[in-house]
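A.B. asks: Handing you a structure now.
Any read-out appearing in this document is the output of simple, stated calculations on the displayed coordinates, not a laboratory observation. None of the values given here were measured: they were computed from a predicted structure. All Cβ positions, glycine included, derive from the backbone under ideal geometry; neighbour counts span all protein chains shown.
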Amino acid sequence: MTLKRILTNICSDRLEESRDFYVALLGFTVKYDSDWYVQLASSENTEFELGIIRRDHELVPSNHQTSPSGVYITLKLMGGGLQDFLQSRQSLA
C-alpha cells in the first residue's frame, strides 16, 4: 500500500462562510461543493488542499461533533512574510 495524499479537514457550522473565507484568504479554488462538504485547492499547487465538513455530518465521529475548543493551521510562506501575503490576496480582490 502506498500513501497517495493527506487531506486536512476542518469542521464548521457555517460551511459557506468558511469556504468564502479560505478562498479569499488563500486564493484557493473550489474543487467540490455540497451542502455538507467543501474541498478547496490551491490554484498554484493542487497538492495543497483543505476540506471543510459540516460539524454535525454523520462522517464526523460523534466525539468531534462538539463545538471546537481550538485548532490552528500552519502555513509556510516563501518570498515574504504574512503581511506581504495578505496584501497580495487583497490586491486580487
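A.B. asks: Karplus couplings for the range 14-29 from phi (6.51 cos²θ - 1.76 cosθ + 1.60, θ = phi - 60°), rounded to Hz, Gly and Pro as x?
C.D. replies: 10, 4, 5, 5, 5, 4, 5, 4, 6, 5, 5, 6, 9, x, 6, 9
A.B. asks: Shifting gears a bit: Under a point-charge model restricted to the Cβ atoms of Lys and Arg (+1) and Asp and Glu (-1), what is the dipole moment magnitude of the range 1-72 relative to its Cα centre, in debye to the nearest 20? Can you show the working numbers first?
C.D. replies: Values: 7 positive and 11 negative charges, 48 e Å.
For this selection, approximately 240 debye.
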